[in-house]
Amino acid sequence: MSANFLEKTYLTTHELAIGSFRFYEHVVVGRVREGMQISMDNVLPLLALSWEAYRDTSVVYISDRKYSYSLDPTMYYEVHKIAPHITGYAWVVYNEINRKIAELEARFVQCPNAIHTTMDAALQWSVNLLQNEGEN
């Protein structure tokens, strides 16, 4: 499902100081660089791009946690205020440490969220969430 979905809906890729972010219709897949310290200051360019691309539509953010990085999870409160168009948040984790970190972060995310071990599962969850939202 993922390859087909991603092929059909790809819009662009943004290489930012904090990582690489692939924009699709209604989905952003982000991979933050190893060792980054994420703050509101360095996430604002991503939020601006997100606002420009999705302000009139719903979007799910998928965090591809291939690498380790750190952030203050209370930052999610500010992100929610700035980017209310983010209607879902998913993590793809590859080890138990990143699963535990995602579980902690999930407590601060103010929209539906889920943790997955594959990109396919995260994409399926995202599509289901967006479809259910469209029905409401």
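The values are calculated or read from the model by the stated rules, or taken from the named source; none is laboratory data. Quick caveat: nothing in here was measured; it's all calculated off a predicted structure. Virtual Cβ from ideal backbone geometry, glycine too; neighbours counted across all protein chains shown.
Assorted remarks:
- In this structure, L123 does satisfy being within 15 Å of the chain's Cα centre (by Cα) and either assigned to a helix (DSSP H, G or I) or under 19 Å from I18 (Cβ atoms) (or both).
- Test: residue in the stretch 101-113 that is in a strand (DSSP E or B), in contact with a Gly (Cβ under 8 Å, 6 or more places away or on another chain), at pLDDT 95 or above and on the phi < 0 side of the Ramachandran plot: yes
- If you filter the stretch 1-23 down to residues that are of a type in the set (S, T, Y) and modelled with pLDDT under 95, you find that the one that is nearest to D41 (Cα to Cα) is Y10.
- Filter result for Y89 (within 17 Å of F5 (Cβ to Cβ), assigned to a strand (DSSP E or B) and modelled with pLDDT of 95 or more): no
- Pairing each residue of the stretch 81-101 that is surrounded by fewer than 20 Cβ atoms within 10 Å (Cβ to Cβ) with any residue that is of a type in the set (V, I, T), provided the two are 6+ apart or on different chains, yields C-beta distances under 7 Å for H85/T57; H85/V59; T87/V59; T87/V60; R99/V93; R99/I115.
- Looking across the stretch 54-76, the residues that are hydrophobic (A, V, I, L, M, F, W, C) and at pLDDT 95 or above come down to V59, V60, I62.
- Scanning the stretch 39-55 for residues that are surrounded by fewer than 16 Cβ atoms within 10 Å (Cβ to Cβ) and either touching a residue at least 40 places away in the same chain (Cβ under 8 Å) or not in a loop (DSSP other than H, G, I, E, B) (or both) turns up M40, D41, L44, P45, L47, A48, W51, E52.
- For the stretch 19-38, filtering for residues that are in contact (Cβ under 8 Å) with a residue 40 or more places away in the chain and outside any strand (DSSP E or B) leaves 1.
- Boolean, Y76 is within 26 Å of T9 (Cα to Cα) and either assigned to a loop (DSSP other than H, G, I, E, B) or touching a strand residue (DSSP E or B) at 6+ places or on another chain (Cβ under 9 Å) (or both): no
- Exactly one residue out of S68, S58, S63 is surrounded by 16 or more Cβ atoms within 10 Å (Cβ to Cβ), in contact (Cβ under 8 Å) with a residue 24 or more places away in the chain and farther than 16 Å from F108 by Cβ, and it is S58.
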